[in-house]
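This report concerns only the one structure given below.
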Amino acid sequence: MATLQELIKEKVLVIDGAMGTQIQALSLTPEQWEGKEGCNELLNMTAREEISKIHRGYLLAGADIIKTNTFGALPWVLEDYGIGERTYELAKEGASIVKEACMSFATEEKPRFCAAAFGPGTKLPSLGHITYDAMYEGYKIMASGLVDGGTDVFLLETCQDPLQIKAALHALNDTAPNIPIMVSVTIELNGTMLIGTDALTIAAILKPFNILSLGFNCGTGPIQVQKHVKALSEVSKFPISVHANAGLPQNRGGKTFYPMGPDEFTSLQKEFLNINGVAFLGGCCGTTPEHIKTLSDAVKGVVPKKPSGFLKASLASLFNVVPLKQEPAPLLIGERSNATGSKAFRELLKANDYEGTLSVAQQQVRAGAHVIDVSVGFAGRDETGDMDKVVSLYSQKISLPLMPDSTQIKALEAALKQIGGRCIINSVNLEDGEEKFDEVCKLAKKFGAALVCLVIDEIGMAKTKERKLEVAERIYNLCVNRHGFDPADLVFDMLTFTIGSGDDEYRTAGIETMEAIREFQLLHSEVGTTLGLSNISFGLSQNARIYLNSIYLDHCVKAGLTTAIVNVKHIIPLNKISPEDKKACDDLIFNNQENGDPLFKFIEHFSNVESQDEQ
């Protein structure tokens with residue numbers, strides 16, 4: 001029998017219609033509800049024949065995919081009815097009912113599929129209602145029951161929070177990695193998911209994941225969702241599903257009413273097939289077997305248009321998408337939410353003032369950063385605990401993507417379990433050999449994160465251009481060929497060392513880094529490069545550092561640098577730097593000895609420059 005993946009190349013697959021409104025139309029006894037009216041999933045046990053009849057009605061109408069009556073079969077939903085321990089049982093029975101019905105209708109020409117319906121539940125992890133771990137465990141229990149009941153495809157529908165989707169994807173993949181997963185989100189009338197995520201942003205977040213389809217259901221009718229389907233089509237590589245409501249709900253006599261009849265609904269739904277990638281159509285709230293029959297008849301013989309969307313490598317918060325390669329370069333990564341580099345941030349952590357750390361990030365947002373680095377590790381603190389609390393707040397309240405920054409696997413994982421958007425991890429290297437390197441890579445792949453790669457191996461930090469390129473090439477091959485990273489999701493930090501120490505070994509450090517950036521970008525134009533910019537001027541006076549950092553950044557960007565980790569507030573526009581200031585910086589960067597030691601000349605030149613306050 002053909003698979004879903006094969007069938008959507010040849011025909012439009014029809015998803016069934018509403019379950020809740022069909023249940024409301026049943027004449028159920030108080031005994032069947034067991035005093036838990038509204039817990040539809042309980043009916044899989046107490047009203048099996050009635051539930052089966054609803055599914056069979058949709059099969060008679062021509063639906064290819066039948067959703068299980070398990071939308072709320074999650075522990076934290078069922079607990080509200082005092083039956084949280086029945087998750088597995090109710091999920092298994094829900095799948096069993098659908099599977100039996102599908103098997104009785106399936107033919108070689110028209111196979112039928114049991115879709116395990118997973119709702120979002122009543123709690124959102126990005127808002128702190130529930131932890132990622134609790135959600136993951138709940139979805140695993142539910143998935144186990146659905147698999148044992150005979151499900152063919154997982155359907156995450158009415159999704160409200162990208163972090164909820166990630167927890168569910170991990171649970172489903174860990175339970176049954178061979179069962180395909182459809183993801184359907186709900187876009188409200190304001191144009192975003194409940195958490196604030198729009199179509200472009202959810203496409204960026206889910207791009208790295210292995211899913212069968214991405215689409216929309218519930219929330220609105222076909223008219224309102226059309227613009228979001230078009231937006232998704234332009235950027236998504238996945239087939240698209242649309243099962244909308246029968247129009248916008250109305251209140252008639254105290255009851256919810258959906259105004260769209262089968263013909264109007266079908267006419268509007270069928271229009272989606274003019275959009276590239278749309279391969280699944282169906283109904284949500286207010287739709288009936290009559291809606292699905294009319295829709296099924298109308299799409300017979302239609303071949304879906306192939307997905308054609310493209311989105312270049314990007315990071316995302318819950319609210320915004322930021323391309324990894326900015327035009328003009330570079331992408332600016334704010335460095336002040338760093339316990340090592342920022343005294344203000346460190347003091348807030350010491351005082352356990354996590355809300356206060358938001359002000360540090362907000363200053364960087366206002367200064368023009370594109371991404372916020374978050375590094376909380378310093379002696380005497382619980383790094384994992386601090387990372388968990390800070391990143392939770394930043395994910396909810398900061399509009400920019402995040403860069404969790406740690407050498408500790410547990411701290412990185414804690415951060416990733418709080419980030420609903422698409423982040424970049426800082427960093428991976430080979431200092432401790434390939435075992436830890438592999439751990440970080442697997443973590444990044446699992447959570448769909450991009451990755452900063454430092455040119456450090458078992459010998460140590462690469463200092464010369466040749467060593468930087470050698471280590472970078474080794475890391476590139478491991479990431480791409482062993483771990484399957486898209487090269488566009490890799491950013492290489494070629495490491496720079498201070499040229500302000502007077503140590504002869506480091507007098508050409510700026511040149512070595514710059515040339516390594518230039519050559520590696522020529523070898524691998526698809527990757528990015530970055531730099532902890534302030535390292536170049538470490539040890540010099542603060543009032544001089546901002547000039548050197550600004551000039552060095554310009555040289556590196558011209559060499560191909562795509563991102564920089566900076567104090568954005570302290571980058572001076574080139575047109576505000578005098579020729580004399582620039583020459584003093586250039587002589588130090590390029591180790592120009594013509595007029596004596598360039599370091600002494602630099603220090604002398606900037607000795608009277610007005611001081612800048614350290615943040």
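Quick notes
- Residue in segment 372-390 that is nearest to Pro323 (Cα to Cα), counting only those that are hydrophobic (A, V, I, L, M, F, W, C) and surrounded by fewer than 24 Cβ atoms within 10 Å (Cβ to Cβ): Phe378
- Enumeration of residues in segment 243-270 that are charged (D, E, K, R) and in a helix (DSSP H, G or I): Asp263, Glu264, Lys270
- Members of segment 93-115 that are open to solvent by 10 Å² or more (accessible area, probe 1.4 Å), closer than 20 Å to Gln5 by Cα and within 34 Å of the chain's Cα centre (by Cα): Lys99, Arg112, Phe113
- Failed criterion for Gly368 (all others in (1) open to solvent by less than 50 Å² (accessible area, probe 1.4 Å); (2) at positive phi; (3) of a type in the set (Gly, Ala, Ser); (4) out of contact with any strand residue (DSSP E or B) (no Cβ under 8 Å at 6 or more places or on another chain) hold): (4)
- Filter pass, Glu49 being modelled with pLDDT of 95 or more and farther than 20 Å from Ala143 by Cβ: yes
- When segment 115-153 is limited to residues that are of a type in the set (Ser, Thr, Tyr) and closer than 24 Å to Met193 by Cβ, the one that is modelled with the lowest pLDDT turns out to be Thr122.
- On inspection, Ser550 passes the criterion of being touching a His at 6+ places or on another chain (Cβ under 9 Å) and polar (S, T, N, Q).
- Candidates Leu200, Leu155: the one that is in contact (Cβ under 8 Å) with a residue 60 or more places away in the chain and either more than 15 Å from Ala117 (Cα to Cα) or in a loop (DSSP other than H, G, I, E, B) (or both) is Leu200.
- Residue match in segment 62-75 (condition: among the aromatic types (Phe, Trp, Tyr) and either over 22 Å from Thr158 (Cβ atoms) or open to solvent by less than 60 Å² (accessible area, probe 1.4 Å) (or both)): no
- Set Pro262, Pro249: member being open to solvent by 10 Å² or more (accessible area, probe 1.4 Å) and in contact with a helix residue (DSSP H, G or I) (Cβ under 6 Å, 6 or more places away or on another chain): Pro262
- Within segment 387-434, the set of residues being more than 19 Å from Leu454 (Cα to Cα), in a helix (DSSP H, G or I) and touching a residue at least 40 places away in the same chain (Cβ under 8 Å) comprises Val390, Ser392, Tyr394, Ser395, Gln396, Ala415.
- Asp297 being open to solvent by less than 10 Å² (accessible area, probe 1.4 Å) and touching a residue at least 24 places away in the same chain (Cβ under 8 Å): no
- Of all residues in segment 63-88, those that are closer than 18 Å to Gln22 by Cα have Cβ atoms under 8 Å from Cβ atoms of residues that are assigned to a helix (DSSP H, G or I) and aromatic (Phe, Trp, Tyr), 6 or more apart or on another chain, in Ile66/Tyr58.
- Looking across segment 116-136 at every residue that is touching a residue at least 60 places away in the same chain (Cβ under 8 Å) and either of a type in the set (Lys, Arg) or out of contact with any Ser or Thr (no Cβ under 9 Å at 6 or more places or on another chain) (or both), the one that is surrounded by the fewest Cβ atoms within 10 Å (Cβ to Cβ) is identified as Asp133.
- Count of residues meeting criterion [out of contact with any strand residue (DSSP E or B) (no Cβ under 7 Å at 6 or more places or on another chain), part of a loop (DSSP other than H, G, I, E, B) and closer than 16 Å to Ile475 by Cα] in segment 486-504: 1
- Among residues of segment 434-482 being over 23 Å from Thr513 (Cα atoms) and out of contact with any helix residue (DSSP H, G or I) (no Cβ under 8 Å at 6 or more places or on another chain), the one that is surrounded by the most Cβ atoms within 10 Å (Cβ to Cβ) is Ala444.
- Taken over segment 546-566, the criterion of being under 29 Å from the mean Cα position of the chain (by Cα), of a type in the set (Val, Ile, Thr) and within 17 Å of Thr498 (Cα to Cα) is satisfied by Ile565, Val566.
- Of the helices (runs of 4 or more DSSP H) that lie entirely inside segment 505-597, those containing 3 or more residues that are in contact (Cβ under 8 Å) with a residue 60 or more places away in the chain and surrounded by fewer than 23 Cβ atoms within 10 Å (Cβ to Cβ) span 542-559.
- Here is the figure for segment 92-121: residues that are touching a Lys or Arg at 6+ places or on another chain (Cβ under 9 Å) and charged (D, E, K, R) total 1.
- Subset of segment 323-334 that is assigned to a loop (DSSP other than H, G, I, E, B) and open to solvent by less than 30 Å² (accessible area, probe 1.4 Å) - its residue that is nearest to Asn426 (Cα to Cα): Leu324
- Every residue from segment 361-385 that is touching a residue at least 40 places away in the same chain (Cβ under 8 Å) and assigned to a helix (DSSP H, G or I): Gln363, Gln364, Ala367
- Residues of segment 161-178 satisfying the condition of being open to solvent by less than 30 Å² (accessible area, probe 1.4 Å) and not acidic (Asp, Glu): Pro162, Leu163, Gln164, Ile165, Lys166, Ala167, Ala168, Leu169, His170, Ala171, Leu172, Ala176
- If you go through segment 511-528 and pick out every residue that is under 16 Å from Lys312 (Cβ atoms) and touching a Cys at 6+ places or on another chain (Cβ under 7 Å), you end up with 0.
- Check on Glu34, on the phi < 0 side of the Ramachandran plot and not hydroxyl-bearing (Ser, Thr, Tyr): no
- Residue, farthest from Asn178 (Cα to Cα), within segment 1-31, restricted to residues that are of a type in the set (Gly, Ala, Ser) and assigned to a loop (DSSP other than H, G, I, E, B): Ser27
- Subset of segment 229-245 [in contact (Cβ under 8 Å) with a residue 60 or more places away in the chain and touching a helix residue (DSSP H, G or I) at 6+ places or on another chain (Cβ under 7 Å)]: Leu232, Val235, Ser236, Ile240
- Among (1) of a type in the set (Gly, Ala, Ser); (2) modelled with pLDDT under 95; (3) surrounded by 23 or more Cβ atoms within 10 Å (Cβ to Cβ), the one test that Gly254 misses: (3)
The values are calculated or read from the model by the stated rules, or taken from the named source; none is laboratory data. Since the structure is predicted, the reported quantities are computational estimates derived from the model, not experimental observations. Here the Cβ is made from the backbone with ideal geometry for all residues, glycine too, and neighbour counts use every protein chain on show. With ligands, DNA and RNA removed, areas are computed over all heavy atoms of the protein, side chains included. Shrake-Rupley method; radii C 1.70, N 1.55, O 1.52, S 1.80 Å.
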